[in-house]
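One structure is given below, represented as structure tokens, and several questions about it will come after.
What follows draws every value from the coordinates through simple rules; no lab data is involved. If you're wondering where the values come from, they're calculated on a predicted model, not measured in any experiment. When we count neighbours, we look across all protein chains shown, and the Cβ atoms used for this are built from the backbone with ideal geometry, even at glycine.
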Amino acid sequence: MTIFQATIIAIVEGLTEFLPVSSTGHMIIASSFMGIASDDFTKLFEVAIQLGAILSVVVLYYKKFFPLNRWNFYFKLIAAVIPALVFGALFSDKIDALLESTQTVAISLLVGGVILIIIDKFFNKPTVEKEEQISFIKAIIIGCWQCIAMIPGVSRSAASIIGGMQQKLTRNLAAEFSFFLAVPTMAAATGYKLLKAYKATPDLLLDKDNLILLAVGNTVAFIVAMLAIKFFIGILQKYGFKFFGWYRVIVGLILLALIGTGYLN
């Protein structure tokens with residue numbers, strides 16, 4: 001992987017991590033087009049640069065995360081992340097296998113796009129407007145919805161936002177809670193992957209060139225993710241999810257066409 005390729009993937013990660021379009025799916029597509037999708041370091045890189053995106057949420061919403069005496073807030077996030085931790089531990093190998101399938105990404109993008117186009121019509125009577133109104137049960141249910149996103153192309157953001165709206169959260173609150181939930185979820189997933197990679201092939205993380213690529217990737221992902229979050233909230237307030245739904249449908253159809261004609265493996 002070159003610095004240019006690392007920068008491209010990091011831009012894709014930053015742009016898509018908190019949008020309901022699937023960052024993992026887009027990174028798989030980008031790395032496939034650049035011919036580095038099957039490389040071991042590429043797979044590790046795509047997970048590790050999520051740390052930069054995580055930091056952008058903490059910086060943008062620092063008033064929510066600090067001071068550290070908001071125990072209810074933290075306990076809700078812990079409760080919501082438990083389903084993903086359990087599910088991820090049980091099906092880690094199968095999830096890793098799916099990460100190599102561009103066809104899975106294409107179908108997931110297409111189906112998820114259709115759902116986002118019609119989602120506002122189903123959950124249009126929210127009753128939960130503030131984070132303090134989110135109960136522990138609601139948080140856990142949202143966390144269960146998030147598990148669907150372990151299928152590449154589904155989108156962690158989309159799954160958790162839809163879960164939030166199903167639990168009567170407003171669109172904006174569902175999106176914000178999805179951002180907050182991303183912090184422990186992605187931190188745990190990234191930490192696990194890094195530890196697993198270090199045990200299996202420590203040279204990947206000890207190589208000087210790889211460390212430089214990881215530093216560049218995390219920095220770029222952090223900056224781009226901050227801009228993407230602000231963009232997402234603005235679009236969500238004006239147009240709802242239709243904009244992202246149609247985008248997913250179009251990208252999904254293009255990918256299926258490219259796969260069908262042999263231009264994309």
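For residues that are in a helix (DSSP H, G or I) and of a type in the set (D, E, K, R), scanning just segment 157-179, find the one that is farthest from Ile82 (Cα to Cα).
Out of the qualifying residues, it is Arg171.
Could you check Val154 against (1) in a loop (DSSP other than H, G, I, E, B); (2) exposed (fewer than 15 other Cβ atoms within 10 Å of the Cβ); (3) not acidic (Asp, Glu) and say which number it fails?
(2)
Based on this model, can you work out whether Thr127 counts as without any contact (Cβ under 8 Å) to a residue 60 or more places away in the chain and closer than 22 Å to Gln50 by Cα?
Working: without any contact (Cβ under 8 Å) to a residue 60 or more places away in the chain: yes; closer than 22 Å to Gln50 by Cα: no.
When the stated conditions are applied, Thr127 does not pass them.
Suppose we filter Ala215, Ala188, Ala182 for residues that are exposed (fewer than 14 other Cβ atoms within 10 Å of the Cβ), in a helix (DSSP H, G or I) and aliphatic (A, V, I, L, M); which single one remains?
It is Ala215.
Shifting gears a bit: Could you tell me which of the residues Ile148, Ile82, Ile140, Ile78 is of a type in the set (Val, Ile, Thr), under 22 Å from Leu19 (Cβ atoms) and assigned to a helix (DSSP H, G or I)?
Step by step, each of Ile148, Ile82, Ile140, Ile78 is checked, and only Ile148 is of a type in the set (Val, Ile, Thr), under 22 Å from Leu19 (Cβ atoms) and assigned to a helix (DSSP H, G or I).
If you take the residues of segment 24-51 that are among the polar types (S, T, N, Q) and either touching a helix residue (DSSP H, G or I) at 6+ places or on another chain (Cβ under 6 Å) or assigned to a helix (DSSP H, G or I) (or both), which of them is farthest from Phe177 (Cα to Cα)? Don't jump to the end; show me each part of the working.
Residues of segment 24-51 among the polar types (S, T, N, Q): 24, 31-32, 38, 42, 50.
Narrowing further to those that are either touching a helix residue (DSSP H, G or I) at 6+ places or on another chain (Cβ under 6 Å) or assigned to a helix (DSSP H, G or I) (or both): 24, 31-32, 42, 50.
Working: Thr24: 20, Ser31: 30, Ser32: 32, Thr42: 29, Gln50: 18 Å.
Out of the qualifying residues, it is Ser32.
Here are Val12, Val21: which of them is buried (at least 21 other Cβ atoms within 10 Å of the Cβ) and outside any helix (DSSP H, G or I)?
None of the others qualify; the one that does is Val21.
Given the criteria farther than 23 Å from Leu109 by Cα and free of Cβ contacts under 8 Å to residues at least 12 places away in the same chain, does Ala257 qualify?
When the stated conditions are applied, Ala257 does not pass them.
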